[in-house]
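Right, one structure below, let's go through it.
The values are calculated or read from the model by the stated rules, or taken from the named source; none is laboratory data. Please read all numbers here as calculations on a predicted model, not as lab measurements. Cβ: placed from backbone, ideal geometry, glycine included. Neighbour counts: every protein chain shown. In case anyone asks, the SASA skips ligands and DNA or RNA and just uses the protein heavy atoms, side chains included. Shrake-Rupley method; radii C 1.70, N 1.55, O 1.52, S 1.80 Å.
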Amino acid sequence: MDYRETPPPPNLDGFVAAIWTLDVGGKPDEWVEHRAVPDGCIELIRRHAGRSIWRTPQPPLFVTGLALRPAALRFSGDARFTGIRLWPWGWHALGGARCADFADDWRAMAEESPLAALLTGDGAELPGLIAAFAAHQRSPIDAIRHIDSVAALACATSLSPRQLQRIFARETGMPPRSYLRLLRFRNAVAGVQGEESRLADTAAASGYADQAHMTREFHALAGLSPGAARRRTTGPFVASRDEPTLDG
């Protein structure tokens, strides 16, 4: 399997986290099992070929909500995807469905939807994506990506705790502390994939009290230990076997 991520251009920073592709690279009659772990983002996905299942078969164009636990996925060997990884406030700016309405789930997207034009048969349409956000300002809560506490976010944005609660409820469907938990975990998942990193250092850099705290979060949000995640994870995908199967 070949998974690749491309960072967004500067004018999409604060709305788009990444643009990615996944090519399973197997035979059409084979099935590959993976888990996708929470990463604090909404995923707008087009499947160009093959089949995919998350609980039920998915259509060629769909969107996945904020994940709070690992999602068990099945891909046919010939499956190929392009995805736009959106910060939830970016999804909100596009007029997407409320995050609270499809957390830990996915929804089919109609080909007639304006959002469908952002992912064509050739991949992500950057000009269209840039144009879609051109009239929007960054959400004030985007600052949470660079801040390690809700108190610091309130200070940085000059917003009261009540104002933050309202904005997070509207744009993420969860309280600030719950979303900050997902961001810490996202950073830790990225950190453990660095071969030279020590787990204790990754825990500290990600905002955990200690390595044991990070380990508990990995078991809760990914269903495995940080050490196992290091061996089996590329991007947000965890291989079903204890061996590397994704090349980024």
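Taken over region 76-95, the criterion of being part of a loop (DSSP other than H, G, I, E, B) and in contact with a helix residue (DSSP H, G or I) (Cβ under 7 Å, 6 or more places away or on another chain) is satisfied by Trp87, Leu94.
Only a single item in (1) open to solvent by 10 Å² or more (accessible area, probe 1.4 Å); (2) out of contact with any Phe, Trp or Tyr (no Cβ under 8 Å at 6 or more places or on another chain); (3) touching a residue at least 24 places away in the same chain (Cβ under 8 Å); (4) of a type outside the set (Gly, Ala, Ser) is not met by Leu61, and it is number (1).
Yes/no per residue for (1) over 24 Å from Arg55 (Cα atoms); (2) touching a Lys or Arg at 6+ places or on another chain (Cβ under 9 Å); (3) not aliphatic (A, V, I, L, M):
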position: Gly83; (1), (2), (3): no, yes, yes
position: Gly95; (1), (2), (3): yes, no, yes
position: Gln137; (1), (2), (3): yes, no, yes
position: His146; (1), (2), (3): yes, no, yes
position: Ala154; (1), (2), (3): yes, no, no
position: Gln163; (1), (2), (3): yes, no, yes
position: Gly191; (1), (2), (3): yes, no, yes
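For region 28-52, name all the residues that are modelled with pLDDT of 95 or more and basic (Lys, Arg). Once the filter is applied, which keeps residues that are modelled with pLDDT of 95 or more and basic (Lys, Arg), region 28-52 yields Arg46, Arg47, Arg51. Considering only region 6-26, I want to know if a residue exists there that is closer than 23 Å to Gly191 by Cβ, β-branched (Val, Ile, Thr), in contact with a Ser or Thr (Cβ under 8 Å, 6 or more places away or on another chain) and crowded, with 19+ Cβ neighbours inside 10 Å. There is at least one residue in region 6-26 that is closer than 23 Å to Gly191 by Cβ, β-branched (Val, Ile, Thr), in contact with a Ser or Thr (Cβ under 8 Å, 6 or more places away or on another chain) and crowded, with 19+ Cβ neighbours inside 10 Å.
Scanning region 99-130 for residues that are open to solvent by 70 Å² or more (accessible area, probe 1.4 Å) and out of contact with any strand residue (DSSP E or B) (no Cβ under 8 Å at 6 or more places or on another chain) gives Asp101, Glu112, Pro114, Asp122, Pro127. When region 133-144 is limited to residues that are in contact with a helix residue (DSSP H, G or I) (Cβ under 7 Å, 6 or more places away or on another chain) and free of Cβ contacts under 8 Å to residues at least 60 places away in the same chain, the one that is most open to solvent (accessible area, probe 1.4 Å) turns out to be Pro140. Only strands (runs of 3 or more DSSP E) whose full extent lies in region 1-69 are considered here, and the ones with at least 1 residues that are charged (D, E, K, R) are 2-6, 16-23, 31-36, 42-49.
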